[in-house]
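Everything below concerns the one structure shown next.
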Amino acid sequence: MRIAICDDNALDRALIMDLLQQYLEDRSIRCELTGYEDGVTLICDMEDGLWFDAVFLDIYMRGLLGIEVARRLRSLHYDGAIVFLTGTKKFAVDSYEVSAFGYLLKPHSAEKIYKLMDRLTHDFDISAYQVQQWNRLILIPYNDIQYVESSNSKCILHSKGGATYNIYKRLDTIEQELNDPRFLRSHQSFLVNMDYIRQADKHFELLTGDIVSIRQRDLKAIRQQYLDYIEKKNASDSDMKSKALPQGG
């Protein structure tokens with residue numbers, strides 16, 4: 001996971017980072033915490049392609065208020081969790097406008113943070129792929145990777161929201177590094193996340209409308225791999241739902 005904490009008060013920022021670090025260590029969750037003292041720098045980093053799974057935002061900051069920062073992030077198509085940190089409920093209604101995940105009132109405590117993080121990490125897939133972009137390392141959640149295509153001397157990773165990343169590795173190497181059952185090598189030049197497939201014919205049509213090629217000599221076998229994956233996934237989802245239902249008696 002990657003979490004940003006944006007608060008212009010250094011003491012408050014350090015406290016929230018310490019509490020988060022304690023939570024993550026207690027549960028053996030690998031996570032990178034990044035602190036920001038103003039919202040403008042956070043926005044600029046995310047405009048440059050930096051991704052965070054969650055952003056903790058102080059409401060009252062010098063310059064841009066936290067709610068304004070949140071609006072800017074949503075305008076950049078950021079769909080991660082936004083958690084507001086504040087000493088007042090004044091902006092509680094505004095938080096719905098940006099689909100805030102949580103609203104933590106100060107003073108901060110381990111109990112409040114732990115309860116919120118339990119909700120945040122409950123169904124969270126912490127698998128992520130590391131991509132080097134210039135002098136910055138970006139972590140892209142597996143859930144956000146739609147497909148990877150080989151193009152001349154590089155590969156292009158297509159992620160949720162339309163962002164693309166150039167990776168100077170062979171597709172064989174990327175396939176081995178991902179090593180996850182949701183990714184299918186459908187063609188010499190394509191590796192596709194089967195969760196994004198809308199239709200399987202002579203090629204795969206994705207939910208985005210993109211077309212991913214299928215190796216024609218193995219068309220039947222590749223389509224069967226996809227169908228087996230979907231069947232297994234649906235069975236797993238149904239089992240989880242049945243366990244969540246209240247038992248009679």
For the pair Leu227/Ile156, report the inter-label distance in nm, with labels modelled 7 Å from Cα in the Cβ direction. 3.2 nm
How long is the gain from Ser109 to Glu97 if the chain were fully straight, where each residue apart is worth 0.36 nm and the alpha carbon distance is subtracted? 1.7 nm
Accessible surface of the chain, 1.4 Å probe, proportion on carbon and sulfur as whole %: 49 percent
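Looking at this model, which pairs from Lys154/Lys220; Lys112/Lys232; Lys202/Lys232; Lys115/Lys160 are more than 31 angstrom apart at the alpha-carbon?
Lys112/Lys232
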Leaving out ligands and nucleic acids, note down the accessible area per residue over the chain with a 1.4 angstrom probe, in whole Å². 56 Å²
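Quick check on the chain: helices-only [θ] at 222 nm, where DSSP H runs of length 4 and up contribute -39,500 (n - 2.57) each and the sum goes over total residues. Nearest 500, please.
Rounded to the nearest 500, it is -11500 deg cm²/dmol.
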Using 0.36 nm times the number of residues separating Cys44 and Gln21, minus their current alpha carbon distance, what extension gain do you get? 5.8 nm
In range of the label at Asp118: residues from segment 26-45 whose backbone nitrogen is under 14 Å from the point 7 Å along Cα→Cβ: 27
How many nm is it between the label spots at Asn135 and Arg217, if each spot is 7 Å from the Cα in line with the beta carbon? 4.7 nm
Considering only protein heavy atoms, with the full assembly of protein chains and a 1.4 angstrom probe, order Asp48, Asp201 by accessible area, largest first. Asp48, Asp201
State the label only: which of (i) 47, 43, 39; (ii) 63, 60, 32; (iii) 50, 38, 38 corresponds to Cα extents along the principal axes in Å computed from the shown model? (ii)
Quick one: ranking Cys31, Cys44 by accessible area, 1.4 Å probe, largest first, what do you get? Cys44, Cys31
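The values are calculated or read from the model by the stated rules, or taken from the named source; none is laboratory data. All figures in this text were calculated on a predicted structure; none of them were measured in a lab. Heads up, the Cβs are rebuilt from the backbone with ideal geometry, glycines too, and the neighbour counts pull from every protein chain shown. Surface accessibility is based on the protein's heavy atoms, side chains included, excluding ligands, DNA and RNA. Shrake-Rupley method; radii C 1.70, N 1.55, O 1.52, S 1.80 Å.
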